[in-house]
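> Pasting in a structure now, in structure tokens, and then I'll have a few things to ask.
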Amino acid sequence: AVLTVASFEVAPRLSSGIVSPEALGLAAYLASWRWLTHSYLGAMGASVNVEVNSFGFNLALLLIGGALCCWDVRCFWSDEATRFAILVYLAKTFSGDFLAGKLDTPEWRLVLFFVFGLFGPTLVFVLAPDPPSALAPYTRIFPALFCIQAFCELGDNHLEHWTFFRHRYSFETCTALVLFGPAALGASALLPLDLFGGLTRAELTVVQHDLVVCLFYRLGNLALIAARASAEGDAAKHWGRKLLFRLFGLLRGQRVVNVTDLDLAMAVLRASDAKGDCLEKYVASPAWLPLISLESVDGPLYHEMIADFHTLLKALPSVAELHADAILLAREVAERAVREQRAVGAQAVAQLSARVFLRHLFGSGKEQLAGDQEAFERVARLVVDASWEWRKEIAVKGRADPETKQAAVEAVLELLEATPKLWNLFGQRWREPRYYSLVLQPFLVSPCINIGDIAVAMARFPNLSVEDAVRRMHPFPILERFVSEDVCVKGRPGAGQVKAGTQVILFTTDFAHPDVAKWPVFGVGPRACAGTSLALAVLKAVDAELRRGLQPSRNHGKSPEKAQGKAQGGLFTSQTSASRTRW
């Protein structure tokens, strides 16, 4: 940040070749709005680099960046000295990155093609009246900055154990030498660029743009680290959510209140069974399709589905039998991991959940699937694969593969038809989304997602009970209720009250601090989790058989650029924290 400010306020005054230093000062730069393009490029680069977004989402970010680059050139085309500054910056950055072997994803390869295959040739050979003259102002600065880029990226790739490269001090040092070294040391053989009088206007503009982009890349990276660094990082996402919900309410003319008082929050949950007209309706419900999520529906449909869910529960074995099966299968997973000397990953935990609940629903494989245990395991794999797709769409990480989802639906329908005690409950109606969702969402897909998320909490807080660990990292980050009548806490008028007609938002992170009184993690009131006993039966089995082997992710010590979203090999990989959803 200091070097960036100095490039605007100090460097122009050291150059005898710049007639009007104020024109290259910070005030003039901010007034030009070019900083909008440069700050976006930096922050966007940090987001794309961590590889946690979907390809489609990253592509959209890059297209916006490309449009801003075109805008930058168009707006400043009349300024011959700086019209190609953004192109020179992009060319030196991506050629240096390419030389260092850093462009290793499809997104960055597309950017390389954009810079050298579309944007650059169009500007230089189509729009510029005289290409050699147009590029002449940059013939000194481009090779200098290219060498710096390649040097820094090669160091980051191969010498990351040196603080000089790991914290990018290499970039600041080299850029400072280009800005101020010649003026301080004088022209000499050590400085082949004869810059004693300072950089030219065109050269300094490129360096300024480079520093601004780099500054916002660092700021974006810090924001991403903060957003993904356990409790401290959750605060960034937490406050971001609060602002988004407040904006949502303003846009819809709706009173949206974020309740942070635990007693009032519990009173709201006890008073209302309506989710209301908020995120659940516009994001979660569409993402669940073709399933109809029992957790997300509202009104008469919810009451009908919950009644049918309880009818289904009565036809299933006892919770004690579920727990016994879960213990046996979890023990198998633990023993296999010991034999093979490998950690139990998120995929294995999801597979365990699917196998436990498929056995609970359809038997152990000794009845309708006698002699075809392989088919039983195949259905479990289909369910797990589909759960990752649903997770992706629910977390707004990209579009789910509809074929993978449908394959899981059809496989479960086959099992239902082959299980008379279940098929006879609703008959052909099972083929409707309203009915097959009663099995797929609460018994199969949601547990595949949430048991992994809760296991991460158990691993992070190994000395806490299952429920206390869940309180610290709840799989339901947001709870929504619409209150049609005033809700208040007895003995606390005013401060302990929510008025009728209010959409209430509860963030479980508001109640995650260990000093906050314990609260029922599976909810209270008419919309409390209907599968609490089932969930605890499986979670206690995971706790008893697998918890001692839990390990943190192994890439914890890597640099933020490389570690974010790439943790591999620990008991639960970074996939498990990609999103949290409803049980």
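The values are calculated or read from the model by the stated rules, or taken from the named source; none is laboratory data. What you see is a predicted model, and the numbers here were worked out from it, not measured in a lab. So basically every Cβ, Gly included, is an ideal-geometry build from the backbone, and we count neighbours across all protein chains shown. Surface accessibility is based on the protein's heavy atoms, side chains included, excluding ligands, DNA and RNA. Shrake-Rupley method; radii C 1.70, N 1.55, O 1.52, S 1.80 Å.
> If Gly56 satisfies all but one of (1) under 19 Å from the mean Cα position of the chain (by Cα); (2) under 21 Å from Leu154 (Cβ atoms), what's the number of the condition it fails?
It is condition (2) that Gly56 fails.
> For Thr82, which of the numbered conditions (1) open to solvent by 20 Å² or more (accessible area, probe 1.4 Å); (2) not in a helix (DSSP H, G or I) fails to hold?
(1)
> Okay, moving on. Test each condition in (1) surrounded by 15 or more Cβ atoms within 10 Å (Cβ to Cβ); (2) more than 30 Å from the chain's Cα centre (by Cα); (3) polar (S, T, N, Q) for Gln373 and report the one that comes out false.
It fails just one condition, (1).
> Could you list, in sequence order, the residues of segment 516-532 that are buried (at least 17 other Cβ atoms within 10 Å of the Cβ) and small (Gly, Ala, Ser)?
Those that are buried (at least 17 other Cβ atoms within 10 Å of the Cβ) and small (Gly, Ala, Ser): Gly523, Ala530, Gly531.
> Follow-up. Could you list all residues from segment 305-334 that are touching a residue at least 40 places away in the same chain (Cβ under 8 Å) and either within 27 Å of Glu393 (Cβ to Cβ) or hydroxyl-bearing (Ser, Thr, Tyr) (or both)?
Listed by number, the residues that qualify are Met305, Ile306, Asp308, Phe309, Thr311, Leu312.
> Applying the selection to segment 119-158, what residues are of a type in the set (Asp, Glu) and assigned to a helix (DSSP H, G or I)?
Filtering segment 119-158 down to residues of a type in the set (Asp, Glu) leaves 130, 153, 156.
Glu153, Asp156, listed by residue number.
> Now a separate question. Out of all the residues in segment 66-111, which are free of Cβ contacts under 8 Å to residues at least 40 places away in the same chain and under 25 Å from the mean Cα position of the chain (by Cα)?
Ala67, Leu68, Leu103, Asp104, Arg109
> Restricting the first residue to segment 514-531 and requiring it to be within 25 Å of Glu304 (Cβ to Cβ), which pairs with a second residue that is part of a loop (DSSP other than H, G, I, E, B) and charged (D, E, K, R) meet a Cβ separation below 8 Å and a spacing of at least six or different chains?
Between residues of segment 514-531 that are within 25 Å of Glu304 (Cβ to Cβ) and residues that are part of a loop (DSSP other than H, G, I, E, B) and charged (D, E, K, R), the close pairs are Gly525/Asp273; Pro526/Asp273; Arg527/Asp273; Arg527/Lys275.
> Could I ask something else about it? Select, from Ser579, Ser533, the only residue that is closer than 27 Å to Val259 by Cβ and either assigned to a helix (DSSP H, G or I) or at pLDDT below 50 (or both). Walk me through it before giving the result.
Working: Ser533 fails: closer than 27 Å to Val259 by Cβ.
Going through Ser579, Ser533 in turn, the sole match is Ser579.
> How about segment 304-330: which of its residues are loosely packed, with under 13 Cβ neighbours inside 10 Å and assigned to a helix (DSSP H, G or I)? Please lay out each step first, then the result.
Going through segment 304-330, the residues loosely packed, with under 13 Cβ neighbours inside 10 Å turn out to be 304, 307, 310-311, 314-315, 318, 320.
Within segment 304-330, Glu304, Ala307, His310, Thr311, Lys314, Ala320 qualify.
> Kindly indicate which of Leu41, Leu30, Leu26 is under 24 Å from Leu118 (Cβ atoms) and not β-branched (Val, Ile, Thr). Steps first, please.
Values: Leu30 fails: under 24 Å from Leu118 (Cβ atoms); Leu26 fails: under 24 Å from Leu118 (Cβ atoms).
Exactly one of Leu41, Leu30, Leu26 is under 24 Å from Leu118 (Cβ atoms) and not β-branched (Val, Ile, Thr), namely Leu41.
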